[in-house]
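Presented below is the structure to which this report refers.
The values are calculated or read from the model by the stated rules, or taken from the named source; none is laboratory data. Since the structure is predicted, the reported quantities are computational estimates derived from the model, not experimental observations. Counting neighbours? That spans all protein chains shown, and the Cβs are built from the backbone with ideal geometry, glycine included. Just so you know, the surface numbers come from the protein's heavy atoms only, side chains and all, with ligands and any DNA or RNA stripped out. Shrake-Rupley method; radii C 1.70, N 1.55, O 1.52, S 1.80 Å.
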Amino acid sequence: MTHAPVEVIRYPDDPCPAGWRQPVLAIGNFDGVHRGHTRILERVARQAAEHAATPVALTFEPHPTRIIRPDKAPPLLMTGEQRIEALARAGIEGVAVVRFTPELARWDPETFVERVLVNWLGVAEVWVGANFLFGRDRSGDYSLLRLLGARHGFRTDRIDAVRCRDNVVSSTRVRRLVAEARVDEAAVLLGHHYFIDGTVVPGRRRGRELGFPTANLETANELLPPRGVYATVSGLGETILAGVTNIGLRPTFHDVTTTVIENHLFDFDRDIYGARLRVWFIRRVRDERTFDGPSSLVTQIRADCRAARALFGRVSL
């Protein structure tokens, strides 16, 4: 899907662009850009269109938890680049990235509103989620934001939590589902299949020796599904390829000590070292297992491929 280019500015380094007209702002971390985020972002885009304004998302780097409680900081669902791409896909034209520092963590809510929302961005309207909290010790809530908005001349509103299958949609829940290998359930909350991006790097060519060549991936994504075999779809430029992905330590061979990501792409056998690949996880096929030797492993890989192929007629990206 194509989308308009998005302009990114960073606080405190960059000025607000003169072309941002009466910014209509969504505030959040937007990790994963799930269905709950999308509802806020689409509302902001509509509001901005109605008033010939600029739809903007404000987010933080690093994730505030990494500064406030680094021992509790979660692995993120998206890289910064992926998040900006997803915000643009939701209709956002500008992204304001606030550098989250220990000093900023000590700001009271009034200071944050004055320095960032008013003096930096000059917002006309601010939208947040149902459980929005901000400022030192998370002391500011939606009621205080509305009060401060009235004082400084911007409108505030919020979107109720989005529920799906009796659960509130949240980045925390999506992370838990991915970490439990329940990638198909995570997709329901995300509104898209969980994916990672990476570069194809040389491996030990075990797959080719077995008759199943693989594209080994090196990724900057922090959260990988657990070890095992997954039905996946990969994007290579404009080409979409079905396949299976193994995440693990290749216990049958004992030849690696760190996790490898091996993608066997169906009906494809080209050298693509150095290429960028996006891998969407459709469903887990099986756990990682140790086999007696190459022959029994090949038998299992054939079964894995059959199981994955059976899924692809029933999914969409």
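Looking at the structure I just gave you, is Thr239 closer than 23 Å to Glu85 by Cα and of a type in the set (Val, Ile, Thr)?
The answer is yes for Thr239.
Of everything in the range 14-54 that is open to solvent by 30 Å² or more (accessible area, probe 1.4 Å) and of a type in the set (Gly, Ala, Ser), the residue that is nearest to Ile159 (Cα to Cα) is Ala49. Give all pairs with beta carbons closer than 7 Å in which a residue from the range 275-292 that is assigned to a strand (DSSP E or B) meets a residue that is open to solvent by 50 Å² or more (accessible area, probe 1.4 Å) and at pLDDT 95 or above; count only pairs at least 6 apart in sequence or on separate chains. Close Cβ pairs satisfying both conditions: Ile282/Asp184; Arg283/Asp184. Assess whether Leu236 counts as being within 26 Å of Thr258 (Cα to Cα) and touching a residue at least 24 places away in the same chain (Cβ under 8 Å). The answer is yes for Leu236. Suppose the filter is assigned to a helix (DSSP H, G or I), in contact with a strand residue (DSSP E or B) (Cβ under 8 Å, 6 or more places away or on another chain), surrounded by 15 or more Cβ atoms within 10 Å (Cβ to Cβ) and of a type in the set (A, V, I, L, M, F, W, C); does Ala57 pass it? No. Among all residue pairs at least 6 apart or on different chains, which show Cβ distances below 7 Å where the first residue, located in the range 134-146, is of a type in the set (A, V, I, L, M, F, W, C) and the second is surrounded by 15 or more Cβ atoms within 10 Å (Cβ to Cβ)? Taking only residues 6 or more apart or on different chains, the pairs are Phe134/Pro109; Phe134/Phe112; Phe134/Gly140; Leu144/Pro109; Leu145/Val126; Leu145/Val128; Leu145/Thr156.
Between Asn119, Asn131, the distinction of being surrounded by fewer than 16 Cβ atoms within 10 Å (Cβ to Cβ) and either in a loop (DSSP other than H, G, I, E, B) or among the hydroxyl-bearing types (Ser, Thr, Tyr) (or both) belongs to Asn131 only. If only residues of the range 206-221 that are surrounded by 14 or more Cβ atoms within 10 Å (Cβ to Cβ) and not in a helix (DSSP H, G or I) are counted, the one that is nearest to the chain's Cα centre (by Cα) is Asn221.
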